[in-house]
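Read through the structure below, which is laid out as structure tokens, and then see the notes.
Read-outs: derived from the displayed coordinates by stated rules, not from any lab. The model shown is predicted, which means the values in this text are computed figures rather than measured ones. Methodologically, a virtual Cβ is constructed for each residue, glycine included, from the backbone with ideal geometry; neighbour enumeration extends over all protein chains shown.
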Amino acid sequence: MLKMRSGFSDSLTSHPVRWACIFLAVWACVTNAMFLLTNYVLQDAFMLFLCFMLLYPVLTLAGCFIYARGCGIRIYMPFAMLPIVAAEYILFENFRAIQPNIFVTTLFGMLFGSGIGNIFADKKLIEQQKKARRDRRLHEDKKYRKILDD
């Protein structure tokens with residue numbers, strides 16, 4: 001039996017690229033806010049530990065879990081995180097001081113979150129949405145009219 005979803009959730013899962021962009025924007029904002037908080041406002045080693053060794057991996061794992069549970073595993077969402085982290089690593093010199101390596105933390109959080117989320121995904125609903133998108137795309141390209149009806 002298929003789950004009933006709310007209107008907002010249904011509109012996001014029917015457009016997984018839009019949901020991935022929203023998720024990545026929120027995730028990058030939260031990551032940068034944590035970085036600015038630990039680097040410029042609360043310059044404490046405990047805050048750096050709390051944010052990037054506990055909170056950051058949990059947020060990455062939870063975000064990828066929620067996305068994969070709603071849309072299944074899509075290759076473009078999780079692996080768009082690594083270029084974002086690479087850009088932050090290059091642009092912010094203090095970002096390099098985060099230990100453990102931020103790339104490894106992001107990679108593990110993204111892989112485990114997506115894998116676990118895919119286990120709990122509603123496969124029938126995802127396949128039905130893929131089929132509906134494919135059918136909608138095919139019907140828009142080809143406007144069929146019966147010749148005998150004219």
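Here are the numbers for this structure:
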| read-out | value |
| --- | --- |
| Extended-chain gain in nm, criterion 0.36 nm per residue less alpha-carbon gap, ARG137 and VAL30 | 35.0 nm |
| Spacing of the two label points (7 Å from each Cα toward its C-beta) at PHE79 and VAL17, in nm | 1.6 |
| Mean Cβ neighbour count within 10 Å, used as a protection proxy, ranking 18-24, 59-65 highest first | 59-65, 18-24 |
| Karplus-derived HN-Hα couplings along segment 37-54 (A = 6.51, B = -1.76, C = 1.60, θ = phi - 60°), whole Hz, x at Gly and Pro | 5, 6, 8, 10, 8, 10, 7, 9, 5, 5, 5, 4, 4, 4, 6, 9, 10, 10 |
